[in-house]
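Report on the following structure.
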2 protein chains.
Amino acid sequence: MNLSQIELLRVLQETNLNLSKAAEKMHIVQSAVSRQLQLFEAELGSPLFERQGKKLVGMTSLGLSIMDEVATINRAKANIQHIASDFLDSNKGTLHIATTHTQAKYFLPKPIARFREKYPGVNIYMVQASPEQLIDQLHNRKADVAICTERVDLVPDLILETCYRWYHSIVVPHEHPLAEGLITLERISQYPILTYSFGYTGRSNIENAFNQANLELDIILAASDTDVIKTYVRLGLGVGLIAGMAYDPIVDKDLVARDLSHLISSSSTKIAYLKHNYLPQYSKHFIEELLIAGKENSY
Amino acid sequence: MNLSQIELLRVLQETNLNLSKAAEKMHIVQSAVSRQLQLFEAELGSPLFERQGKKLVGMTSLGLSIMDEVATINRAKANIQHIASDFLDSNKGTLHIATTHTQAKYFLPKPIARFREKYPGVNIYMVQASPEQLIDQLHNRKADVAICTERVDLVPDLILETCYRWYHSIVVPHEHPLAEGLITLERISQYPILTYSFGYTGRSNIENAFNQANLELDIILAASDTDVIKTYVRLGLGVGLIAGMAYDPIVDKDLVARDLSHLISSSSTKIAYLKHNYLPQYSKHFIEELLIAGKENSY
DNA sequence: TAAGGTTACGGCGATCGTAACGATC
DNA sequence: GATCGTTACGATCGCCGTAACCTTA
């Protein structure tokens, strides 16, 4: 058994059990891959893959039952390499952050600024993506840390930390009826709504609140991006239902924000990163900064 | 990086960083080990070991920080091998049980008999040892499962399952004053005591009970073995303070057992096995049998 | 000087690449 | 015949063992 054989198993999974593709990925010729697989199976004493003729069409139960261990070894190997390269120059490196537009624009600026002060040598790459993509980014190791609100529960091999809690608000032009008076779900539901796309920024909490009150929402625009929503609110298309922190009293002074904390339950923005994955010191520090910034926030 | 280099790191730890001993353990010459270590350090870019002259005297912080991953890889590798050899003939194999005398004699016979009925092809090796040794047996992979009462809490990388709870009893000859009347700690403390050695079979619970009552015990004999205790009780040396389940109404009919459940808090016998360690199907079944037998017991 | 570690060098074996072949769609 | 996998064979590179050498208790 050797590490390239272990790696081969991983690559084979990624290539739908195609030996030729796997060989390409591993920068060796296909025949070498074929032999290595045979050698490994011979060493273990029984096949790891089901074959139809010569084609690999699936894994044997033995193959399946060792894949956990295979993944563990590959993870640990990558971790060793990261730890070592990290050690060489501990304050240089790259931090990959995956997040959604709302977080990137309204929450991250402060913690990122603080982080850059402390680690000026670390390059920051920010990837914007949908909540589901965020998790893929982590799994593909394209991101070290993800920050988002929805769809991150119940994913195993992720570590989740609640960063901060916040409430939704509505935003309307000053002359809109909802700019005045007591806000209720009933009143809101009488107007066309502009809010986040499904799966974004606490959208599910919005759904739940109105569903429970047996009210239907007339969502005429769904965007993944608060700025788009605000733009169309300004045009008078309807009521913007956005994250409270996305209202800026200065920039948005032509709009009125009304807090909905009594109507829609709080959403929590979370920090997610891979379990069993080595994070360099500066990444851990960044997470610290996020948590601190989260505590300072009170939207 | 390759698996033997990873293994080398483990072996070096076990040999107090002695390259020659490590080479011996790995069945290669010392110069090969020296070179492999250099190659690995070169690959990672910085040394893993502190050196005084040429001698290895400790690990660098890099070395220390990768040892977790190293251990993980070694574990996973061993697991793969176990899973595979297990797969070859799933109902043959060997089950190594580490336990103390009391468990071996009074608790294990029934679950082991049941286990043998279901897996007649599995050889059972039982190692008797002190509670501390039990844990070493697990870590050294000399045992798959350990069953014992004391000293197993707070050890990381062990999985613990409570098997059953039991109480202490005293045993005395029929003519002894304690054979009659209400049993109290005060009464017991007036006689010479024969009980378990320190660290064995709930001994710490005994200590605690008498300490809290501000009573001193005159322990004139401490054995790791209930039979020794009973033998000397028969000779009239004093009061035997033993695990309740170690009194056999038939074999020990010349002795009287008095329950102490109202005086000494219950002890719990636990099943311990290594986290992250592959156990074959039959071993898991054995643990099931232990839990079942534990539930049936009511000492 | 014994014990532990490094360096130099030759040889062997593991693994790769080339290439021809076999199977399956 | 295109794709995918296996087998054969020669070449290469990695790794081991021998052996001489260095260093420190």
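The values are calculated or read from the model by the stated rules, or taken from the named source; none is laboratory data. It should be emphasised that the depicted structure is a prediction, and the values quoted were computed from it without experimental measurement. A quick note on method: Cβ atoms are made from the backbone with ideal geometry, for glycine too, and the neighbour counts reach across all protein chains shown.
Only one of these is away from every other protein chain (no Cβ under 14 Å) and near DNA strand D (Cβ under 8 Å from one of its atoms): A:Leu12, A:Leu19. Name it.
The conditions single out A:Leu19.
Mind checking whether some residue in the stretch B:221-228 is of a type in the set (S, T, N, Q) and not in a helix (DSSP H, G or I)?
Checking the stretch B:221-228: at least one residue is of a type in the set (S, T, N, Q) and not in a helix (DSSP H, G or I).
What number of residues in the stretch A:63-118 are closer than 30 Å to A:Gly45 by Cβ and among the small types (Gly, Ala, Ser)? Don't jump to the end; show me each part of the working.
The first filter runs over the stretch A:63-118 and keeps only residues closer than 30 Å to A:Gly45 by Cβ, leaving A:63-80.
With the extra rule that they be among the small types (Gly, Ala, Ser), the set shrinks to A:63, A:65, A:71, A:76, A:78.
Residues that pass the stated criteria total 5.
Mind counting the residues in the stretch B:37-73 that are of a type in the set (Lys, Arg) and either under 18 Å from A:Ser90 (Cβ atoms) or in a loop (DSSP other than H, G, I, E, B) (or both)?
Pass one, the stretch B:37-73, residues of a type in the set (Lys, Arg): B:51, B:54-55.
Remaining after also requiring either under 18 Å from A:Ser90 (Cβ atoms) or in a loop (DSSP other than H, G, I, E, B) (or both): B:54.
Final tally of qualifying residues: 1.
Test B:Phe115 against the criterion of being assigned to a helix (DSSP H, G or I), in contact with a helix residue (DSSP H, G or I) (Cβ under 6 Å, 6 or more places away or on another chain), away from DNA strand D (no atom under 16 Å from the Cβ) and free of Cβ contacts under 8 Å to residues at least 12 places away in the same chain, and give yes or no.
On the way: assigned to a helix (DSSP H, G or I): yes; in contact with a helix residue (DSSP H, G or I) (Cβ under 6 Å, 6 or more places away or on another chain): yes; away from DNA strand D (no atom under 16 Å from the Cβ): yes; free of Cβ contacts under 8 Å to residues at least 12 places away in the same chain: no.
Judged against the criteria, B:Phe115 is not a match.
Looking at A:Glu180, A:Glu207, A:Glu216, can you tell me which residue is out of contact with any strand residue (DSSP E or B) (no Cβ under 8 Å at 6 or more places or on another chain) and touching a residue at least 12 places away in the same chain (Cβ under 8 Å)?
Criteria check complete, one pass: A:Glu216.
For the stretch B:39-63, which positions are at the interface with chain A (Cβ under 10 Å from one of its Cβ atoms), surrounded by fewer than 18 Cβ atoms within 10 Å (Cβ to Cβ) and under 15 Å from B:Gln13 (Cβ atoms)?
B:Thr60
Of the conditions (1) away from chain B (no Cβ under 14 Å); (2) near DNA strand C (Cβ under 10 Å from one of its atoms); (3) exposed (fewer than 14 other Cβ atoms within 10 Å of the Cβ), A:Ser34 clears all except one; give me its number.
Every listed condition holds for A:Ser34 apart from (3).
Which pairs turn up if I take residues in the stretch A:35-46 that are assigned by TED's automatic domain parsing to the domain that holds A:Leu17 and modelled with pLDDT under 90 and look for partners that are of a type in the set (Ser, Thr, Tyr) and more than 10 Å from DNA strand C (Cβ to nearest atom) with beta carbon separation below 9 Å, at least 6 apart in sequence or on another chain?
Every condition considered, the pairs that remain are A:Leu44/B:Ser85; A:Gly45/B:Ser85; A:Ser46/A:Thr60.
Of (1) assigned to a loop (DSSP other than H, G, I, E, B); (2) surrounded by 15 or more Cβ atoms within 10 Å (Cβ to Cβ); (3) out of contact with any Phe, Trp or Tyr (no Cβ under 7 Å at 6 or more places or on another chain), A:Leu279 satisfies all except one. Which?
(3)
Here's a check for you: in the stretch A:81-99, which residue that is within 13 Å of chain B (Cβ to nearest Cβ) and touching a residue at least 40 places away in the same chain (Cβ under 8 Å) is surrounded by the most Cβ atoms within 10 Å (Cβ to Cβ)?
So, considering only residues that are within 13 Å of chain B (Cβ to nearest Cβ) and touching a residue at least 40 places away in the same chain (Cβ under 8 Å), the one surrounded by the most Cβ atoms within 10 Å (Cβ to Cβ) is A:Asp86.
Within the stretch B:198-220, how many residues turn out to be outside any helix (DSSP H, G or I) and surrounded by fewer than 16 Cβ atoms within 10 Å (Cβ to Cβ)?
Within the stretch B:198-220, residues that are outside any helix (DSSP H, G or I) and surrounded by fewer than 16 Cβ atoms within 10 Å (Cβ to Cβ) number 7.
Among the candidates B:Glu14, B:Glu69, B:Glu7, single out the residue that is within 14 Å of DNA strand C (Cβ to nearest atom) and among the acidic types (Asp, Glu).
None of the other options fit; the residue is B:Glu14.
Is the stretch A:1-9 home to any residue that is outside any helix (DSSP H, G or I), within 14 Å of chain B (Cβ to nearest Cβ), of a type outside the set (Val, Ile, Thr) and within 26 Å of B:His82 (Cβ to Cβ)? Don't jump to the end; show me each part of the working.
Keep residues of the stretch A:1-9 that are outside any helix (DSSP H, G or I), which gives A:1-2.
Now narrow it down to the ones that are within 14 Å of chain B (Cβ to nearest Cβ): A:1-2.
Now drop any that are not of a type outside the set (Val, Ile, Thr), which leaves A:1-2.
Filter once more, keeping what is within 26 Å of B:His82 (Cβ to Cβ): A:1-2.
Scanning the stretch A:1-9 turns up at least one residue that is outside any helix (DSSP H, G or I), within 14 Å of chain B (Cβ to nearest Cβ), of a type outside the set (Val, Ile, Thr) and within 26 Å of B:His82 (Cβ to Cβ).
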